[in-house]
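Chemist: Got a structure here, written out as structure tokens. Questions coming.
Values quoted throughout were computed directly from the atomic coordinates according to the rules given, and no laboratory measurement underlies them. Just so it is clear, the structure is predicted and the values come from calculations on it, not from any experiment. Cβ placement follows ideal geometry from the backbone for every residue including glycine, while neighbour counts extend to all protein chains displayed.
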Amino acid sequence: MTKNHILGLDIAQNSAVAQLERGDGAKCWHGTLTSDQAGWQQLEQLMTTHGASWAQLLVIVEATGVYHFAWAQRLEKAGAEVYVLNPLLAARLESAANALRGHKTDHVDVAKLCETARHYYAELARFRHHSRPAQQGLRQLDHARAQLRRSLTNLKKSVRSHLELVFPALLAADLQPDTARATAILAAAPTAGAWGALPATQRQQLARDKCAALDQACAQTLADETLAQACVPALRALLQAQQTLANQLHACEQDITPRLPPERVALIASIPGFGERTSAVLATYLPESFADWGTHKQIVARLQALFGCDPRLRCSGKWEGKVKISKRGIALARTALFQAAFCSIGHDEENTAYYHRLRDVQKKTHKAAVVDLMRKQLRRVVAVLGQNHPFVCRSPQPSNPAPARSA
């Protein structure tokens, strides 16, 4: 421990519980700061009162959504050494003073943060906060894209549900409501009665090869035309909202593309199974450098933990629980990695052979085998980024080679 003072911060939306200590553990001040200029000025005054300098200040912040970013950025710019800890990690490093009672309050949490800094300072290097506005902006944009996509998916489900009441014949004719053809049909005739009233030439022009099937479905439908006409405004409102969301999602994806590191995306995309979107998502959440992360195996293990695809062991004595992935990392990156692993089964001979060996020889379930492929794909990502060279496929080795025939 080389710093003269330690500052622990547990940040909420409008305030931050703080504790200022000397390096030897003597408490200087404990209280609450407001999350505005007045709170910052109060902190500066406390620093002056207790003879603390920014250069000799070690700050431990508990990560709380997006609320900690403003404090971490301001403290780093002032010259302090800032570390951001996950709340799960901070909770596991239990304070000796609170070990028996087990209280959970913000005031107890900041005391634990300061104690963590004193005892584990040498192991906190990977939690050091570095100001990277461009990368954080890219991640926020990707979160916005995921939210838009999720909302659009839910809206499409709602449109289908309304079509079951308004125009079930459209679904019976196997016309998907989110296609251009179905959109044109619904704009001209949103109900079975309205479709039948259209001229035959217009119906043929709108439905093309599906015209006969749609005519037959409309003739056989049990939907009440009066009720359907009454529900048409709701359907049109949903269709308009669906189109608006689709346009916003497209604009968001177009905004993400120029912000991505093209070299890293190209390297990741060279691995079989990774497509344009999955490689872009992974490049968004991977750290800029693996320096000081250790060996190749250690880097892969840390990335597994970062994405939440590392195995979670549960055993005690003779009891052994089922091993599952932790799912405590970045969910968007974990989903992209799962999709890349699943797609690689049909696009990479080596992964296909590995998957079948896991299923047929080791008798693993489909999901467990795909998770193993996720780790294999992650090892490939670290390799191509570390070597700065595209992936080169190699032919798989047969799991059970046939014995040589005797002459």
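Chemist: Taking the Cα centre of the range 276-407 as origin, work out the dipole magnitude from +1 charges on Lys and Arg Cβ and -1 charges on Asp and Glu Cβ, in debye rounded to 20.
Modeler: 680 debye
Chemist: Calculate log10 I(q)/I(0) of the range 235-289 for q = 0.26 Å⁻¹, where I(q) comes from the Debye formula with a single equal point scatterer on each Cα and nothing for solvent.
Modeler: -0.97
Chemist: Moving on. So if each residue of separation counts as 0.36 nm, and I subtract the Cα-Cα distance between Ala180 and Ala331, what length gain in nm does that give?
Modeler: 51.1 nm
Chemist: Check each of the trypsin sites (Lys or Arg not before Pro) in the range 308-382 and keep only those in coil by DSSP with at most 14 other C-beta atoms within 10 angstrom; list them in order.
Modeler: Those that pass, being in a loop and sparsely packed, are Arg314, Lys318, Lys322, Lys327, Lys363.
Chemist: If you average the C-alpha positions of the range 314-334 and of the range 211-286 separately, how far apart do those two centres end up, in angstrom?
Modeler: 33 Å
Chemist: Relative to the longest principal axis of the chain, what angle (0 to 90°, nearest 10) does the C-alpha long axis of helix 67-78 take?
Modeler: Rounded to the nearest ten degrees, it is 50.
Chemist: Moving to a separate point now. Relative to the first principal axis of the alpha-carbon coordinates of the chain, what is the inclination of helix 276-285, with its axis defined by its Cα atoms, in degrees from 0 to 90 and to the nearest 10?
Modeler: 20 degrees
Chemist: Quote the FRET efficiency, to the nearest 0.05, computed for Lys77 versus Tyr120 with a Förster distance R0 of 25 Å and r equal to the Cβ-Cβ distance.
Modeler: Once the sixth-power term is evaluated, E becomes 0.50.
Chemist: Under 5 Å between amide hydrogens, which residues at least 5 positions from Arg312 or on another chain qualify, with H placed 1.01 Å from N in the peptide plane?
Modeler: Here Lys324, Ile325, Ser326 satisfy the definition.
Chemist: Right, here's the next one. Using θ = phi - 60° and the Karplus curve 6.51 cos²θ - 1.76 cosθ + 1.60, what whole-Hz ³J(HN,Hα) does each residue of the range 377-383 get, with Gly and Pro shown as x?
Modeler: 5, 5, 4, 5, 4, 4, 5
Chemist: Please name which of Gln202, Gln254, Val166 has its Cα lying farthest along the dipole of the range 135-257 towards the positive end, using unit charges on Cβ (Lys, Arg +1; Asp, Glu -1) and the Cα centre as origin.
Modeler: It is Gln254, whose Cα lies furthest towards the positive end.
Chemist: Let me ask you something else. In degrees from 0 to 90, rounded to the nearest 10, what is the angle of the helix 349-360 Cα long axis to the longest principal axis of the chain?
Modeler: Once rounded, the angle reads 90 degrees.
Chemist: Moving on. For an R0 of 45 angstrom, estimate the FRET efficiency from the Cβ-Cβ distance between Gln147 and Ala213 and round to the nearest 0.05.
Modeler: 0.80
Chemist: From a point 7 Å beyond the Cα of Leu227 in the direction of its Cβ, which residues of the range 139-161 have a backbone N at a distance under 16 Å?
Modeler: Once the point is set 7 Å along Cα→Cβ of Leu227, 161 turn out to lie under 16 Å by backbone N, inside the range 139-161.
Chemist: Considering only Leu186, Gly273, Gln362, whose Cα is most displaced toward the positive end of the charge dipole of the chain, charges sitting on Cβ of Lys, Arg (+1) and Asp, Glu (-1)?
Modeler: Looking along the dipole axis, the top candidate is Gln362.
Chemist: A further question on this structure: Any of Lys27/Lys77; Lys112/Lys297; Lys324/Lys364 with alpha carbons more than 21 Å apart? Name them for me.
Modeler: In this structure, Lys27/Lys77; Lys112/Lys297 exceed 21 Å between Cα atoms.
Chemist: Let me know the charge dipole size of the range 5-131 about its Cα centre in debye, to the nearest 20, where only the beta-carbon of Lys, Arg (+1) and Asp, Glu (-1) is charged.
Modeler: I would put it at about 140 debye.
Chemist: Provide Rg and Dmax in Å for the range 5-131, with only Cα atoms included in the calculation.
Modeler: Cα only, the range 5-131: 13.3, 39 Å (Rg, Dmax).
Chemist: If you build the convex hull over the alpha carbons only and average its shadow over all orientations, what do you get for the chain? Give it in nm² to one decimal.
Modeler: That works out to 33.1 nm², a quarter of the Cα hull's surface.
Chemist: I want the local charge near Val17. Using Cβ-Cβ distances under 11 Å, sum +1 for each Lys or Arg and -1 for each Asp or Glu among the other residues.
Modeler: In short, -4.
Chemist: Antiparallel versus total DSSP beta bridges in the chain: what percent is that, nearest 5?
Modeler: Bridges in the chain that DSSP calls antiparallel: roughly 65 percent.
Chemist: Here is a further query. Magnitude of the Cβ-charge dipole of the chain, K/R +1 and D/E -1, about the Cα centre, nearest 20 debye?
Modeler: 1280 debye
Chemist: Continuing with the same structure: Taking the Cα atoms of the range 262-387 alone, what are Rg (to one decimal) and Dmax (as a whole number) in Å?
Modeler: 14.9, 51
Chemist: Can you give the translational diffusion coefficient of the range 135-257 in µm²/s, computed by Stokes-Einstein from the Kirkwood radius over Cα pairs at 37 °C and 0.692 mPa s?
Modeler: The Stokes-Einstein estimate is 210 µm²/s.
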